[in-house]
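Since the structure comes first, as structure tokens, the remarks are kept for the end.
The values are calculated or read from the model by the stated rules, or taken from the named source; none is laboratory data. Since this is a predicted model, take the numbers as computed values, not measurements. Glycine also receives a Cβ, built like all others from the backbone with ideal geometry; neighbour counts cover every protein chain displayed. Areas reflect the complete protein model, heavy atoms only, side chains present, ligands, DNA and RNA absent. Shrake-Rupley method; radii C 1.70, N 1.55, O 1.52, S 1.80 Å.
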Amino acid sequence: QVPLVESGGGSVQAGGSLRLSCAASRSSFSMGWFRQAPGKEREGVAAIDKDGRTTYADSAKGRFTISQDKRKNTLYLQMNSLKPEDTAMYYCASGVLRRPTLNADHYNYWGQGTQVTVSS
């Protein structure tokens, strides 16, 4: 298995920024960030494969950036211009897909989550 530990969540005002981190025990084929708000379904936010190819949800394009430090086995999500609708529990996930995907069903391992709250 691939243990994942997220960090970096917190409370921020609308328009602010946060950077989430996900520490893994080893490298993965593909990794992604997902979020889930109370009463809503889990939503893919951004994903990246081992070659650096990325994909973003429409709601994240232009505001969020996913990146990875392969030497540290760490995944990042830089979130700028945050909106109240970004409020959710954010999860890091890893899978064995050869290309990044926002489909949560294709990921095998999940972190415990880190809470992001954006106030208006």
Subject >> Whichever residue in the range 8-51 is among the hydroxyl-bearing types (Ser, Thr, Tyr) and loosely packed, with under 14 Cβ neighbours inside 10 Å and, among such residues, is nearest to Asp69 (Cα to Cα) >> reply: Ser27
**OP:** Return yes when Ala60 is crowded, with 17+ Cβ neighbours inside 10 Å, aliphatic (A, V, I, L, M), outside any loop (DSSP other than H, G, I, E, B) and modelled with pLDDT of 95 or more and no when it is not.
**Re:** no
Original post:
Which of the residues that make up the range 64-119 are open to solvent by less than 30 Å² (accessible area, probe 1.4 Å), part of a loop (DSSP other than H, G, I, E, B) and farther than 12 Å from Ser30 by Cα?
Top reply: Leu82, Gly111, Gly113
Original post:
In the range 8-55, what count of residues is obtained for those that are farther than 18 Å from Trp110 by Cβ and part of a strand (DSSP E or B)?
Top reply: 8
